[in-house]
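The values are calculated or read from the model by the stated rules, or taken from the named source; none is laboratory data. The structure presented is a predicted model; accordingly, all values stated were derived computationally and were not measured. Here the Cβ positions follow ideal geometry from the backbone for every residue, glycine too, while neighbour counts run over all protein chains shown. Accessible surface areas use protein heavy atoms only, side chains included; no ligands, DNA or RNA. Shrake-Rupley method; radii C 1.70, N 1.55, O 1.52, S 1.80 Å.
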Amino acid sequence: MESGDRQSQSETLSTALRLIRRHRRLRAADVAKAMNMALRSYEHFEAGGGRINIERIHRFAEVTNSDPHAIVAALALGSPAFALRCADNKLATILAVALQEFDEEAGDAIAELESLTIINTFTKALRELAAQSVRRDSAADAWLEERRHRLVSPVSDEPGSGNGTP
């Protein structure tokens, strides 16, 4: 691995950890204590210092109730935001569990799969997940738009407010 790659991964890790910690509204000292680390050591870890330590990433994820597999995947993707996006729904961990089950069930037959079949299958599945998210948001927006008119609007007593008083 070249030093440019390492620096990029260090920056990605640092940003991902900071995004998640702030999303959880935790202070560095709180996370350090929960991870049984000195604050200075934790700050070095969160800054992306030293070698990438998978065990620490998993401990951080446990303490912050986030997705350790998404943090690691964020390094490969170069996207700290991916780690944050998966922190609540644990998408990458779910994928890892599904792959583990697939490996156990399919075994050696995995080697016989065509690359194009794998690409098409995953692409279709991920597009369906994205569409589901959009449909859910659209359905929620439509539900709210349909019902919010029933709420009582605030009434202003100021002149010209349109409430019928002079």
Rg/Rg_globular for the range 68-164, with Rg_globular taken as 2.2 N^0.38 Å and Rg from C-alpha atoms: 1.85
Spin-label proximity, Leu95 to the range 56-82 - amide N less than 15 Å from point 7 Å beyond Cα toward beta carbon: 67-82
Crossing angle, helix 54-64 versus the chain [Cα axis fit, 0-90 degrees, rounded to tens]: 20
CD proxy at 222 nm, helix term only [per DSSP H run n ≥ 4: -39500 (n - 2.57); per residue of the chain; nearest 500]: -22000 deg cm²/dmol
At q = 0.16, 0.17, 0.26, 0.35 Å⁻¹, base-10 log of I(q)/I(0) for the range 104-143 (Debye sum, equal scatterers on each alpha carbon): -0.57, -0.60, -0.84, -1.00
Accessible area (Å², 1.4 Å probe, nearest 10) - Ile94: 100
Probe 1.4 Å, all protein chains present, accessible-area order of Lys124, Lys90, Lys33, largest first: Lys33, Lys124, Lys90
Simple spin-label estimate for Ser79 and Ala111 in nanometres, 7 Å along Cα-Cβ: 3.2
Mean shadow area of the range 31-94, taken as a quarter of the surface of its Cα convex hull (nm²): 4.1
Compactness of the chain as Cα Rg over 2.2 N^0.38 Å, two decimals: 1.51
